[in-house]
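Colleague: I have a structure here, written as structure tokens, and I will follow up with some questions on it.
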Amino acid sequence: ITSSETLFEQAYLLDKKNYVPCLYLSYINEYKYNNNKNLEDIKQAYIWAKKAYKINKTDKFTVKQKLDIEKIYKIKN
């Protein structure tokens, strides 16, 4: 996971207008949470999903669904 996470973070830093790296980072952190139940991982997943949504609000199917992380995992901001 760490190398994938690093690559997507670098991709995001190279092009902050591209929502795809944010989306993948959200998926990676959600996967980590499902394996270790570390609340910080799911919070990170939500943060990345929010960034993806800010960049591309028109992708209602993938990005908007990722924002459901907050409801699914009952995150308190």
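Colleague: Take Ile72, Ile55, Ile42 and sort them by solvent-accessible surface of the protein heavy atoms, 1.4 Å probe, largest at the top.
Modeller: In descending accessible area the options line up as Ile72, Ile55, Ile42.
Colleague: For the peptides 3-9, 45-51, what is the packing order when you average, over each peptide's residues, the other Cβ atoms within 10 Å and list the highest mean first?
Modeller: 45-51, 3-9
Colleague: For Tyr27, Tyr53, write out the residues from largest to smallest accessible area, computed with a 1.4 angstrom probe and no ligands counted.
Modeller: Tyr27, Tyr53
Colleague: Pop the C-beta distance of Asn35 and Lys57 into the FRET formula with R0 = 30 Å and round what comes out to the nearest 0.05.
Modeller: About 0.50, to the nearest 0.05.
The values are calculated or read from the model by the stated rules, or taken from the named source; none is laboratory data. Only a predicted model underlies this, so the values are computations on that prediction, with no experimental measurement involved. Neighbour counts run over all protein chains shown; Cβ positions are idealised from the backbone, glycine included. In case anyone asks, the SASA skips ligands and DNA or RNA and just uses the protein heavy atoms, side chains included. Shrake-Rupley method; radii C 1.70, N 1.55, O 1.52, S 1.80 Å.
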